[in-house]
């Protein structure tokens, strides 16, 4: 099939594209604006592949979207283009509303027109797959899990914009019959992750001898999903799921932020010991918490396992070890991003 991936130069998108090139016969078009987090070097491994194409364009540009659909004629649209960093959404929510809400509405409208013109057989196999986040569900206490029936309760501009995009996708299914599928995933980690996010940030700062900033008291809990496991889940859904279906996708790996940071330090202590004595954990510093910081996310992923047979292959321990090693060995990928100056600076303290 022909698979158009929006945001395909981003973290999850580039992983999905590399997976599709290596593990399928699908043709792939990456449609990406190349914002600060879109990195073409993440696609170096597939750039010369005969089944790969790239177009630089904005999902908010209806003419560019329409042209890409007409030229590539996709069977599958995987929508990953989004502003995703909660801290940035606190400082500048309008960019999130523009990309995540307006951009999604443009894609849906153009996808509807494209789908409506397909033959019956192609209509049947067409899917618009929307990738979202567990943050749309708000926050959990010490117990319980998010699943496909959890009510929406977003708490940040980022999660509110993603919640709105989820509702738009379902509205196009219920109103127009556009065959959509959705996934809400937990926190991803792995190679090619933009340095502003927790795990790559801590690795890079540790190697640079800088303080490791842990928000608040470090007690906030996330469920961690290796990005390669997530890519497999996305493909399973768009290839096999029935239209209108939603799946929550998690790694089954709940960890406190402070424990994630300490695990990174312990891994680096073995892989790249500090000069002289001491541990990277000595660089940990507790800093002012993020405004409205959700306490805990956790996913019940039993539905996707039961219906599609997906389950994560990486444990948090194996996945984190591979991730730390990748960043240690691939400074040439992340160093230019850090040098631009907007990758590792603290953001998200603005409250008015």
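With the requirement that a residue be outside any strand (DSSP E or B) and buried (at least 21 other Cβ atoms within 10 Å of the Cβ), what does region 246-256 give you?
Kept after step one, since they are outside any strand (DSSP E or B), are these residues of region 246-256: 250-253.
250, 251, 253, listed by residue number.
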Residue selected from region 257-295 under the condition out of contact with any helix residue (DSSP H, G or I) (no Cβ under 7 Å at 6 or more places or on another chain) and not in a loop (DSSP other than H, G, I, E, B), by the criterion nearest to residue 316 (Cα to Cα): 259
Residue, surrounded by the fewest Cβ atoms within 10 Å (Cβ to Cβ), within region 53-65, restricted to residues that are assigned to a helix (DSSP H, G or I) and in contact with a helix residue (DSSP H, G or I) (Cβ under 8 Å, 6 or more places away or on another chain): 62
Residues satisfying the stated conditions in region 30-52, i.e. within 18 Å of the chain's Cα centre (by Cα) and not in a loop (DSSP other than H, G, I, E, B): 30, 31, 32, 40, 41, 42, 43
Answer from 243, 336 - the residue that is assigned to a helix (DSSP H, G or I), more than 20 Å from the chain's Cα centre (by Cα) and either under 22 Å from residue 12 (Cα atoms) or modelled with pLDDT of 95 or more (or both): 336
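The values are calculated or read from the model by the stated rules, or taken from the named source; none is laboratory data. Computed from a predicted structure; not experimentally measured. Here Cβ is always computed from backbone atoms with ideal geometry, including for glycine, and neighbour counts include all displayed protein chains.
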